[in-house]
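Below is one structure, written out as structure tokens; the observations come after it.
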Amino acid sequence: MSDPYESTEHHLDSLLRRALNSFELPDSTVDRLGTALAHSSALHSSHHSAVLHRETHRHTYLLTDGSALSLWELVYSEGRDVSAPPRHEVYDEEGDARVAASRLAGSFDDSPLFGDEGAPEAPGELEMLTILMSAPPSVLPRTYSPDNSADHARRVLRRAENADRPGEPTARLLRAAFAHHITQIFGRQCDVDGRSAGFTLYEHAFLLLDGSETSLWEVEHTATPDGRHMCEVYEDEQTARAAMESRARIC
């Protein structure tokens, strides 16, 4: 919840001042924020372990034209010195904030990691593949958010590194997206062949101008030869899960 005694102008100024990367925000976003009339803040996600404390906050601003604009603030501290001041980063896209959060040590997933004290032992490769390919749990009904959805789709496609990512027909279709909803379908840090690798699967569902729906399936993983974080995007869930299985086998 927002501090009822803090003005929107002061809240926004404090946020931009403490963020290390506020200069990266587009000028158009900063200009629109200059017309903010009211604001609301909420904790979106968090991860706390012995070596990392991370939280993501969503700050939503009501503008003079009646529209709303959200900023995503990443707050984190790494290492065992809990007295060190946290660092702050700010993004105008949830996907960009999520990618930044996933790159922090040990924060690939908000759920307990294999190998943590009290957590289950790391599964073997066959067990891990079974987990990856298992049916996802039922999810709550979608609540679409009309928030620069066509641009969100463009960013998702732009960060995809797989050669078989969706092409121009899909990109052209998604230019008609006016609302979207992001769901984490799967997330796990596993030990594969003696090396830790993280897998996360997201569905980016889009509502189009003609009332139809379509989705992009994003796989984020560190099953790369050097442990580097990688994003892959697919047009359907089955192909995305097959890609995770393939990555696990060659990890």
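The values are calculated or read from the model by the stated rules, or taken from the named source; none is laboratory data. Note that the coordinates shown come from a computational prediction; the quantities given were computed from them, not determined experimentally. We place every Cβ from the backbone using ideal geometry, glycine too, and count neighbours over all the protein chains shown.
The table below lists the values:
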| read-out | value |
| --- | --- |
| Some residue of region 227-236 being touching a residue at least 40 places away in the same chain (Cβ under 8 Å), over 24 Å from Arg247 (Cα atoms) and touching a strand residue (DSSP E or B) at 6+ places or on another chain (Cβ under 8 Å) | no |
| Members of region 204-244 that are farther than 19 Å from Asn148 by Cα and either in a strand (DSSP E or B) or in contact with a Phe, Trp or Tyr (Cβ under 6 Å, 6 or more places away or on another chain) (or both) | Val219, Glu220, His221, Met230, Cys231, Glu232, Val233, Tyr234, Glu237, Ala240, Met244 |
| Contacts under 6 angstrom Cβ, first residue in region 12-23 being touching a residue at least 24 places away in the same chain (Cβ under 8 Å), partner acidic (Asp, Glu), 6 or more apart | Ala19/Glu89; Leu20/Glu89; Asn21/Glu89 |
| Residue check, Ala197 crowded, with 18+ Cβ neighbours inside 10 Å, at pLDDT below 85 and assigned to a loop (DSSP other than H, G, I, E, B) | no |
| Whichever residue in region 1-20 is surrounded by 14 or more Cβ atoms within 10 Å (Cβ to Cβ) and modelled with pLDDT of 85 or more and, among such residues, is nearest to the chain's Cα centre (by Cα) | Ala19 |
| Unique match (being loosely packed, with under 13 Cβ neighbours inside 10 Å, closer than 25 Å to Thr183 by Cα and not assigned by TED's automatic domain parsing to the domain that holds Asp147) among His44, His48, His88, His59 | His48 |
| Single condition Ala163 does not satisfy, out of (1) surrounded by fewer than 19 Cβ atoms within 10 Å (Cβ to Cβ); (2) of a type outside the set (Lys, Arg); (3) at pLDDT 90 or above; (4) outside any loop (DSSP other than H, G, I, E, B) | (4) |
| Lone qualifier among Ser83, Ser138 - being surrounded by fewer than 16 Cβ atoms within 10 Å (Cβ to Cβ), in the same structural domain as His39 (by TED's automatic domain parsing) and modelled with pLDDT under 85 | Ser83 |
